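Below is one structure, written out as C-alpha cells; comments come after it.
The values are calculated or read from the model by the stated rules, or taken from the named source; none is laboratory data. What you are looking at is a predicted structure, and each value in this text was computed from that prediction instead of being measured. Using ideal geometry, Cβ is built from the backbone for each residue, glycine included, and neighbour counts are taken over all protein chains shown. Surface accessibility is based on the protein's heavy atoms, side chains included, excluding ligands, DNA and RNA. Shrake-Rupley method; radii C 1.70, N 1.55, O 1.52, S 1.80 Å.
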Amino acid sequence: MAKLLYKLGKFIAKNKWVSILAWLIVLGVIITPLMINSPKFDDDITMNGLKSLDTNDKITKEFHQDSQKASMKIVFHSDKKNGITDKDTKKDIEKALDNIKQDDDYVQNVSNPYDSHQVNDDKDTAIATVNYVVNQTALQDSSKKIIDRELDDVKADHNLKIEQTQGGSMNSEVGGSSELVGIVTAFIILLITFGSLIAAGMPIVSALIGLGSSVGIIALLTFIFDIPNFTLTLAVMIGLAVGIDYSLFILFRYKEVRKRGLEPVEAIATAVGTAGSAVIFAGVTVMIAVCGLSLVGIDFLAIMGFASAISVLFAVLAALTLLPALISVFHKRIKIKDKPEKNKDPKNHPWAKFVVGKPIIAIIISLLILIAAALPVSGMRLGIPDDSLKANNTSAHKAYNLITDNFGAGYNGQIVMLVNTKDGGSKKDIQQDLNNIRDDIKDMDNVDKVASPQLNDNNHYALISIIPEDGPNAQSTNNLVYDLRDYNKTAKEKYDFNTEISGQSVINIDMSEKLNEAIPVFAGVIVLLAFVLLVFVFRSILVPLKAVLGFVLSLLATLGFTTLVMQDGFLGSLFGVENTGPLLAFLPVITIGLLFGLAIDYELFLMTRVHEEYSKTGDNDHSIRVGIKESGPVIVAAALIMFSVFIAFVFQEDSAIKSMGISLAFGVLFDA
C-alpha cells in the first residue's frame, strides 16, 4: 500500500491543479441539486420493534389519529384568577384559534380548550392543540407565523403569557456558532503547531471541502431515505474533527521529511506514502466502528453510523488527494526549521523521562483520574430529552413549566391505554367495565388523573387517557408504565379485555430500555474487534490487552463525567447546562462506537512509532522515549483539535447535542 500511496502522492504533487479542480467540480455537482430543492431531515427519532409503536399504529387505525402528523401545543396563562375564563379573553382566544384554522390550509383541526376541558381548576391556564395535515418535517414557516400573528394581539390586549411547543427536540442547525468556534480554535492550534498562517489553513480548507462533499451527499440521500436531523450534526462533528486531524498527520509528516533535504514533490510523495497508510488504517477503523452501530438492530442508529462513515471516508480522501495538492501549491510558504532542535536526545524529553523513569507513578496517576471520573456512571439514567431539558429562554420550556405549575407535571407526558372491547357484549356492559377499569387505574400508585373512556365508532376499541403524577422522565412514571402493562392480566381476568399502552413518554421509555439492553452486546463486540485489530497490527497480546483496558477505562470515565455534568449538574454553568435529567438514551452506544475508532487511532500513531524504533534498536526504554518525543506533539495537537471541535457543540441549546459534544470531547481528552 505504501508504494501505491507514494505514487499517488507524486502524481498529485505534479498535477496539483487537476486534483483541486476535480474536488471543486465534485463539490459543485453535489451542491447544485440542493440549491434547487432543499433536503428534508426528520425531527422525530423512532425505532421499529417497540410494543408502544405497535399500539400507536392501532390507535391511528381505529381512532383516525395520525401521530406522524405535525402538531403545535399552545398554552395560555393569565396572572389573574379566572382570567382565562373572562368573557372578553375567552372570546378573543376562540377567535384567534378560529382564525388560525381558517387562514392556514395545512391545519386539520384546532382544539378549543373550553370545549375539550383543557382549562385548569383555577381557570387561569388553558391548553389548545393545533393539528396539521402534514408531517413535522413538512411544517411550513408560514404556519408558525400565522400562529404568532394571531396570538400577538391576544397577548397584548389581555396581558397573557402565551407559549408554544411542538414535536421533535433535535433541532441542531449545522453551520452555526458551534462549527465556527471549533474551526477557529483548530486554526489557532495549527498556527501554534506549524508557525505559519498558510500551513495552519491548509488542513482546515481540506477538511471543509471534504466535509462539504460528504454533508451534501447525506443531504441528497434524504430524498430517498428518512434521515433524522441529528444524523447530520453527528456527521459534521466527526467529519470536521477527523478531517482536520488526518490532514494534520500528513502535513506534519511532510515537514519532517522536508527537514532531511528532500525536494517538495518527493517530500509530498513520501509523506503520503508513510503517513497516508496510517490515515487509511485510522479512517477504516473509525468507519468500521460507526458502521458497527448497525449491529444494535435499531434503524436510526444504523443510519447515523453510515452517514458518519461517509463523512470519515471523504475526510480520508481529502487528506490523501486534496491536501497534497494544496501543499504543492503553497510549499514555499510552509516554514521548515533548519536549526537543530534542543533536547534532541529523547532521554532529555521531560514527559518521556517521567513515564519511563517512574512508570508506576504514571500508571497510578492515570488510574486515579480515570476511576474518579468513572464513579458517577453507576447512577447513570437513560432517557429521551423532553421540553423540561430545553434552555430556560425557549418557548417550549416555558410552556412545559406553565403546564407543570398549573396542571401537574404528568400533563406533559400523558399515557394512553388502548382497550380491546370486541367481545365485551352490549355498549352498556362495555361502558360499565370500562368505568371499572378507570377506577382500578385511579387506585394505582403514581397516577394523578384518569379521563373518561372514549369508544371508537364500532365500539371495538376504547381509549383511556392517564395522567401520571410526575413528568415523562421521572422514575415514578417509568414505574407506572410497568404497572399499567402488568394490569393487562387483571383486565383479562376480570373483564375479558386486552389492554396495551402508548403515548410519547411510553415510547421514549421503550426506546431507552431497548437501547440499554443493546449496550453490553455492542460494547463486547467493539472491545473484541479492538483486540483483534491490534493483535493483527502489533502481533502481540500484551499491547492489545493494555489498549483494550485503556479504552474501557476511558469509556467509563467519559460516561461518568457526562453523567456528572448532564444529570447531576456538576459545572453546569460552565457548559451551559441549565436543566438536568437523564442522559440521551443512545449516547452510550454512539460514544462506544466513536471513541473506539478514535482511541485506536492514537494508540496506533504512538505505538507504531515505538514498534518501529524497537525493531531497529531492541531497546524498550529508548523506543518509548522516541515514540513520545516524535509522535507525542502531533497526537497532542490532534487531540486538542478534536476536543475543540466537539466541545464547541456545548453552544447548542439542544440538550442532546450538548451531551454528545461533552461526551466526545472528554472521551478524546481521557483517551489522549
- Treat every Asp and Glu Cβ in the stretch 1-111 as -1 and every Lys and Arg Cβ as +1, leave all other atoms uncharged, and give the resulting dipole magnitude about the Cα centre to the nearest 20 debye. 1080 debye
- Note on the structure: Counting only protein heavy atoms with a 1.4 Å probe and every protein chain in place, the carbon and sulfur fraction of the accessible surface of the stretch 30-132 in whole percent equals 43 percent
- Item | the chain - accessible surface per residue (Å², probe 1.4 Å) | 45 Å²
- Item | Approximate spin-label separation residue 58-residue 226, in nm, with each point projected 7 Å along Cα-to-Cβ | 2.0 nm
- For the cross-link pairs 73/422; 91/428; 101/390, which exceed 31 Å when the distance is taken from alpha carbon to alpha carbon? 73/422; 91/428
- Query: Based solely on its DSSP helices, what 222 nm [θ] is calculated for the chain when runs of n ≥ 4 H residues each add -39,500 (n - 2.57) and the sum is averaged over all residues, nearest 500 deg cm²/dmol?
  - Reply: -21500 deg cm²/dmol
- With θ set to phi - 60° and the Karplus curve 6.51 cos²θ - 1.76 cosθ + 1.60, what are the ³J(HN,Hα) couplings of the stretch 644-651 in order, to the nearest whole Hz, using x for Gly and Pro? 5, 5, 6, 5, 4, 6, 5, 6
- Return one number: the angle in degrees, 0 to 90 and rounded to the nearest 10, between the long axis of the Cα atoms of helix 229-258 and the longest principal axis of the Cα atoms of the chain. 10 degrees
- Query: Hey, if you put +1 on the Cβ of every Lys and Arg and -1 on every Asp and Glu Cβ in the chain, which of 278, 464, 365 ends up farthest toward the positive end of that dipole?
  - Reply: 278
- Where only alpha carbons of the stretch 63-120 are counted, the Rg and the Dmax (Å): 13.1, 38
- Item | Calculated FRET value between residue 367 and residue 37, using beta carbons and R₀ = 51 Å, to 0.05 | 0.40
- Task: Report, by chain and number, residues whose modeled amide H sits under 5 Å from the one on residue 447, excluding near sequence neighbours (fewer than 5 apart, same chain).
- Result: 469
- Kindly express, to the nearest 10 degrees and within the range 0 to 90, the angle between helix 87-103's C-alpha long axis and the longest C-alpha principal axis of the chain. 60 degrees
- Message: Could you derive backbone 3J(HN,Hα) for the stretch 215-228 from the dihedral phi with the Karplus parameters 6.51, -1.76 and 1.60 (θ = phi - 60°), listing whole Hz in sequence and x where the residue is Gly or Pro?
- Response: 5, x, 5, 4, 5, 5, 5, 5, 6, 10, 10, 7, 10, x
- How much solvent-accessible surface does residue 36 expose, in Å² to the nearest 10, with a 1.4 Å probe and all protein chains in place? 140 Å²
- Query: Using a simple charge model, +1 on the beta-carbon of Lys and Arg, -1 on the beta-carbon of Asp and Glu, nothing else, what dipole does the chain show about its Cα centre, in debye to the nearest 20?
  - Reply: 4100 debye
- Task: Could you please put 72, 380, 1 in sequence from largest to smallest accessible area, using a 1.4 Å probe?
- Result: 1, 380, 72
- Dipole-positive endmost among 202, 74, 406 within the chain (Cβ charges, Cα centre): 202
- Message: Once ligands and nucleic acids are excluded and a 1.4 Å probe is used, how much of residue 165 is accessible, expressed in Å² to the nearest 10?
- Response: 20 Å²
- Under a Cβ-Cβ cut-off of 15 Å, what is the net charge of the residues other than residue 461 that fall near it, where Lys and Arg count +1 and Asp and Glu count -1? -4
- Note on the structure: For Cα extents along the principal axes in Å the list reads (1) 71, 67, 61; (2) 93, 50, 43; (3) 77, 61, 43; the calculated value is entry (2)
- Message: Can you tell me, using C-alpha contacts under 8 Å and at least 6 residues apart, the relative contact order of the chain as a whole percent?
- Response: 18 percent
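Which of the pairs 14/332; 69/489; 3/255; 123/155 have their Cα atoms more than 26 Å apart in this structure?
Working: 14/332 15 Å; 69/489 33 Å; 3/255 20 Å; 123/155 17 Å.
From 14/332; 69/489; 3/255; 123/155, over 26 Å: 69/489.
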- Work out from phi, with θ = phi - 60° and the Karplus expression 6.51 cos²θ - 1.76 cosθ + 1.60, the ³J(HN,Hα) of each residue of the stretch 105-122, listed in order in whole Hz, and give x for Gly and Pro. 5, 8, 7, 7, 7, 10, 7, 8, x, 6, 7, 9, 6, 9, 10, 6, 5, 7
- Quick calc, the stretch 402-461, dipole around Cα centre from Cβ unit charges on Lys, Arg (+) and Asp, Glu (-), nearest 20 debye, gives 220 debye
- What are the radius of gyration and Dmax of the stretch 550-666, computed over its Cα atoms and given in Å? 17.3, 56
- Using alpha-carbon coordinates, inclination of helix 299-317 to the longest axis of the chain, degrees: 30 degrees
- How high is the relative contact order of the stretch 187-319, in percent, with contacts defined as C-alpha pairs under 8 Å that are six or more residues apart? 35 percent
- Task: Report the one residue of 15, 533, 596 whose Cα lies farthest in the direction of the positive end of the charge dipole of the chain (charges on C-beta: Lys and Arg +1, Asp and Glu -1; origin at the Cα centre).
- Result: 15
- Query: What order, most packed first, do the peptides 392-402, 566-576, 249-259 have when packing is the mean number of other Cβ atoms within 10 Å of each residue?
  - Reply: 249-259, 392-402, 566-576
- Message: Multiplying the sequence separation of residue 51 and residue 94 by 0.36 nm and subtracting their Cα-Cα distance, what value in nm do you get?
- Response: 11.7 nm
- Item | Added length on full extension, which subtracts the Cα-Cα distance from 0.36 nm per residue, residue 184 to residue 3 | 61.6 nm
- Taking the stretch 481-633 and dividing mean pair separation by its residue count, relative contact order in percent (alpha carbons under 8 Å, at least six apart): 18 percent
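How long is the gain from residue 155 to residue 457 if the chain were fully straight, where each residue apart is worth 0.36 nm and the alpha carbon distance is subtracted?
104.8 nm
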